[in-house]
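Participant: Quick one: structure below, then a few questions.
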Amino acid sequence: MAAKIKKGDKVIVLAGKEKGRTGEVTKVVTATGRAFVAGINMVKRHTKPTQYDPGGIKDVEASLHLSNLAIVDPKTGEATRVGFKFLEDGKKVRFAKKSGEVIDG
């Protein structure tokens, strides 16, 4: 099945402590159905010092489940569902169900 949320998409968080915040997807893990969003769901990681890194307590992004994310409509700026359609030239594209605007293409 084609991916509804991809790396580089602008998304809004639908549920959890970060509800309502928006950000850009930096990584999608399809095997577990999770995604990393820039600046969202920050957690503390205690890292050991290495030759290149002094270590310490660092803020890193934790993953969010894809069901808790929605694409931001390019026209209205609200959360929208994603559909697929074929253009006249035969190319398959994603579109926002609220406005009908093509997301990529």
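The values are calculated or read from the model by the stated rules, or taken from the named source; none is laboratory data. In this text, all values refer to a predicted model and were calculated from it rather than measured experimentally. Here the Cβ positions follow ideal geometry from the backbone for every residue, glycine too, while neighbour counts run over all protein chains shown. Accessible surface areas use protein heavy atoms only, side chains included; no ligands, DNA or RNA. Shrake-Rupley method; radii C 1.70, N 1.55, O 1.52, S 1.80 Å.
Participant: Please work out how much length the chain gains when fully extended from Thr50 to Thr76, using 0.36 nm per residue of separation minus the C-alpha to C-alpha distance, in nm with one decimal.
Facilitator: Additional length available on full extension: 4.7 nm.
Participant: By the gyration tensor of its Cα atoms, with a ≥ b ≥ c the square roots of the eigenvalues, what is the shape of the chain: rounded for a/c under 1.5, prolate for a/b over b/c, or oblate?
Facilitator: It is prolate, given that a/c is not under 1.5 and a/b is the larger ratio.
Participant: For the chain, build the charge dipole from Cβ charges (+1 Lys, Arg; -1 Asp, Glu) around the Cα centre, then report which of Ala96, Gln51, Val29 sits farthest towards its positive end.
Facilitator: Val29
Participant: Among the lysines, select those whose C-alpha is under 29 Å from the C-alpha of Lys19, and discard any that sit fewer than 8 residues away in the same chain.
Facilitator: Within reach: Lys4, Lys6, Lys7, Lys10, Lys27, Lys44, Lys58, Lys75, Lys97, Lys98.
Participant: Give the carbon-plus-sulfur fraction of the accessible surface of the chain in %, rounded to a whole number; probe 1.4 Å, heavy atoms of protein chains only.
Facilitator: 52 percent
Participant: Given a cut-off of under 8 Å on Cα pairs at least six residues apart, what relative contact order in percent is computed for segment 1-103?
Facilitator: 21 percent
Participant: Would you pull out the residues with amide H under 5 Å of Lys98's amide H, same chain only if 5 or more places away, H placed 1.01 Å from N?
Facilitator: Arg81
Participant: A further question on this structure: With every protein chain kept in place and ligands, DNA and RNA left out, what is the accessible area per residue of the chain? Probe 1.4 Å, answer in Å².
Facilitator: 67 Å²
Participant: With no solvent and one equal point scatterer placed on each C-alpha of segment 38-89, evaluate the Debye formula and give log10 I(q)/I(0) for q = 0.25, 0.30, 0.31 Å⁻¹, two decimals.
Facilitator: Log10 I(q)/I(0), no solvent term: -1.03, -1.12, -1.13.
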